[in-house]
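Colleague: Mind having a look at this structure? Questions to follow.
The values are calculated or read from the model by the stated rules, or taken from the named source; none is laboratory data. From a predicted model like this one, the values you see are computed outputs, not experimental measurements. Every residue, glycine among them, receives a Cβ derived from its backbone with ideal geometry; neighbour counts consider all protein chains shown. Side chains included, ligands, DNA and RNA excluded: accessible areas come from the protein's heavy atoms. Shrake-Rupley method; radii C 1.70, N 1.55, O 1.52, S 1.80 Å.
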Amino acid sequence: MTTFPFSEATPVQFQALLPKTSDVVIVGGGIIGVMTALFLARRNISVTLVEKGRIAAEQSSRNWGWIRQQGRDADELPIMIEARQLWQQLAEECDEDIGLRQTGITYLARTDTEMAAFAAFVRIAGAHGVDTRLLDPNEVVDLIPAMSRRYKGGMITPSDMRAEPWVAVPAIARLAAREGVTIIENCAARMLDRSGGRISGVWTEKGRIATSNVLVASGAWTALFLRAHGISIPQLSVRSTVAATEPMPEIYAGAATDEHIAFRRRQDGGYTLASGGASQLYVGPDAFRHAIKYVPALRANPLGTRYLPAAPMGYPDAWSTPRKWDATQESPFERMRILNPAPEPSGLLSIERGFRELFPQVKDVRLKASWAGMIDAMPDVVPIVDRVAEIPGLVVATGMSGHGFGIGPGMGRVVSDLIQGNEVGHNLNRFRISRFSDGSPIRLGPAL
Ligand SMILES: Cc1cc2nc3c(=O)[nH]c(=O)nc-3n(C[C@H](O)[C@H](O)[C@H](O)COP(=O)(O)OP(=O)(O)OC[C@H]3O[C@@H](n4cnc5c(N)ncnc54)[C@H](O)[C@@H]3O)c2cc1C
């Protein structure tokens, strides 16, 4: 079985020279950084995006490719609705097929409790004009007839979409570069430079860029980067395993999941498979530091996460990862250009078994690839999108908590306006950094 398409052997595609100055510097070339850069460039703002490895080589290519309004936190939904429109625009603007298809997303329920949760979301969706509706057991059978299991019912959002992550995000980065964004791969940001309390530049491994505005959109590395500047956020990362089948007969054109198995038709005719919600947390110093904030999530889904005593060397929360360095030293970021966790063997087996059991008549299910990603998680399963009060000029957009691919274009537009000091058009209160320190209770968003 092959592994993931991006590795350090992947040729560098973006190698602009490091500019001396830039209006905005973006740290991280995942979907959030790339989309924000594109929107800033469209306002004639000079933007430099530095990526320690390859564009989209971490979460933004490893994900399932679901672009879903369905099941979103109520405060994310308006941004997601905007994102959906932006995806359609992007598919036209990129010179290549990013695999965007409106094929719907379906959740399947085995219990009345799950159906009640679906019904609650249908009300939220309805209030925003989204076409989510409940399915009765017969409608589920009509929708995906090959399934061996009978369900209590389901929930579907026909306007939800899918795209091919490792095609789409690099394609959008090429669009951004054409529109003037300076993108530099193999270029870790080591430290912020500050003078008079505010940002004056960014030290990268290739030198300094003078700037007064920085976006940290560094996915699973964000807490480590911020901590070196005295800012603590309760972000952890969890490993999630994915598999891809060879092309096979179509069983459903869209994406669907129950609590055990998730599947999504890919453009090449195969399916991307995962086990709905199972993940592993490598326990490290940050896991101890922030444990208490994760208690509500743990109570809500006590069996969802398995704990492993230590992360492999070089991971953001590994015991031996340095927490302090200076701008002249090699940083933990360039030591691990691509966070490429091994897929979990037992997880892979259960994915394969789960899919075969659900579709016993499909005889020829062959896995052609497997990989894993480190999901950047927050205690309440919603991101941080905010200015950092202590460091004027610094904006953070992180902790997308396993659902940042679909919403990425919307978040990028919002963050670009936040950086410019414009009205962002959505209420970002839910996503403020201070919610973890101002005494607010942890209010859990939906897990999937
Ligand atoms: C297995 C899996 C399945 C998922 N499924 C879905 C899905 O179906 N739908 C959905 O909406 N979301 C999904 N997600 C979540 C989604 O992929 C992420 O929320 C989203 O990609 C996060 O984007 P990002 O730009 O914030 O972070 P990332 O994509 O992780 O990008 C951050 C980048 O920052 C770079 N970086 C870090 N530190 C530095 C530094 N100091 N200097 C320079 N560069 C740096 C990293 O190398 C990385 O490339 C899934 C995630 C995983 C792992």
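Colleague: Just to verify a result, which residue in the stretch 221-273, among those that are hydroxyl-bearing (Ser, Thr, Tyr) and in a strand (DSSP E or B), is nearest to the ligand (Cβ to nearest atom)?
Modeller: Looking at residues that are hydroxyl-bearing (Ser, Thr, Tyr) and in a strand (DSSP E or B), I get Ser240.
Colleague: Of the residues Arg413, Arg430, which is surrounded by fewer than 24 Cβ atoms within 10 Å (Cβ to Cβ), charged (D, E, K, R), at negative phi and in contact with a Ser or Thr (Cβ under 9 Å, 6 or more places away or on another chain)?
Modeller: None of the other options fit; the residue is Arg413.
Colleague: When only residues in the stretch 345-364 that are touching a strand residue (DSSP E or B) at 6+ places or on another chain (Cβ under 6 Å) and open to solvent by less than 20 Å² (accessible area, probe 1.4 Å) count, which is farthest from Leu226 (Cα to Cα)?
Modeller: So the residue we want is Phe355.
Colleague: Sticking with this one: Here are some conditions: (1) within 7 Å of the ligand (Cβ to nearest atom); (2) open to solvent by 20 Å² or more (accessible area, probe 1.4 Å). Lys368 meets all but one. Which one does it not meet?
Modeller: (1)
Colleague: Here's a follow-up. Looking for something within 9 Å of the ligand (Cβ to nearest atom), modelled with pLDDT of 95 or more, surrounded by 19 or more Cβ atoms within 10 Å (Cβ to Cβ) and among the hydrophobic types (A, V, I, L, M, F, W, C) - is there at least one such residue anywhere in the stretch 402-409?
Modeller: Checking the stretch 402-409: at least one residue is within 9 Å of the ligand (Cβ to nearest atom), modelled with pLDDT of 95 or more, surrounded by 19 or more Cβ atoms within 10 Å (Cβ to Cβ) and among the hydrophobic types (A, V, I, L, M, F, W, C).
Colleague: Same structure again: Restricting attention to the stretch 104-113, which residues are polar (S, T, N, Q) and either within 23 Å of Met411 (Cβ to Cβ) or crowded, with 20+ Cβ neighbours inside 10 Å (or both)?
Modeller: Residue satisfying the conditions is Thr106 alone.
Let's see how each residue does on (1) buried (at least 17 other Cβ atoms within 10 Å of the Cβ); (2) free of Cβ contacts under 8 Å to residues at least 40 places away in the same chain; (3) basic (Lys, Arg); (4) in contact with a helix residue (DSSP H, G or I) (Cβ under 8 Å, 6 or more places away or on another chain):
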site: Asp136; (1), (2), (3), (4): no, yes, no, no
site: Ala146; (1), (2), (3), (4): no, no, no, no
site: Arg150; (1), (2), (3), (4): no, yes, yes, yes
site: Val169; (1), (2), (3), (4): yes, no, no, yes
site: Ile172; (1), (2), (3), (4): yes, no, no, yes
site: Ala177; (1), (2), (3), (4): yes, no, no, no
site: Met191; (1), (2), (3), (4): yes, no, no, no
site: Arg198; (1), (2), (3), (4): no, no, yes, no
site: Val216; (1), (2), (3), (4): yes, no, no, yes
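Colleague: Which count do you get for residues in the stretch 329-348 that are among the hydroxyl-bearing types (Ser, Thr, Tyr) and touching a residue at least 12 places away in the same chain (Cβ under 8 Å)?
Modeller: 1
Colleague: Of the residues in the stretch 184-198, how many are within 15 Å of the ligand (Cβ to nearest atom) and assigned to a strand (DSSP E or B)?
Modeller: Residues flagged as within 15 Å of the ligand (Cβ to nearest atom) and assigned to a strand (DSSP E or B) within the stretch 184-198 amount to 6.
Colleague: Quick check on this structure: which one of Ala117, Ala83, Ala109, Ala127 is touching an Asp or Glu at 6+ places or on another chain (Cβ under 9 Å), at negative phi and not polar (S, T, N, Q)?
Modeller: Ala109
Colleague: On the basis of being closer than 21 Å to Val167 by Cβ, among the aliphatic types (A, V, I, L, M) and touching a Gly at 6+ places or on another chain (Cβ under 8 Å), does Ala244 make the cut?
Modeller: yes
Colleague: Take the conditions exposed (fewer than 15 other Cβ atoms within 10 Å of the Cβ), away from the ligand (no atom under 14 Å from the Cβ) and either among the small types (Gly, Ala, Ser) or modelled with pLDDT of 95 or more (or both) and apply them to Ala291. Does it pass?
Modeller: Yes, satisfied.
Colleague: Give the stretch 221-252 a look and list any residue that's within 30 Å of Thr103 (Cβ to Cβ), within 25 Å of the chain's Cα centre (by Cα), open to solvent by 10 Å² or more (accessible area, probe 1.4 Å) and not hydroxyl-bearing (Ser, Thr, Tyr), or say none.
Modeller: Listed by number, the residues that qualify are Val238, Arg239, Glu246.
Colleague: Can you pull out the residues in the stretch 38-61 that are within 11 Å of the ligand (Cβ to nearest atom) and either free of Cβ contacts under 8 Å to residues at least 40 places away in the same chain or touching a helix residue (DSSP H, G or I) at 6+ places or on another chain (Cβ under 7 Å) (or both)?
Modeller: Hits for the stretch 38-61 are Leu49, Lys52, Ile55, Ala56, Glu58, Gln59, Ser60, Ser61.
Colleague: Right, another one. With the stretch 31-95 as the region, which helices (runs of 4 or more DSSP H) entirely inside it contain at least 2 residues that are under 18 Å from the mean Cα position of the chain (by Cα), surrounded by 24 or more Cβ atoms within 10 Å (Cβ to Cβ) and of a type in the set (Val, Ile, Thr)?
Modeller: 31-41
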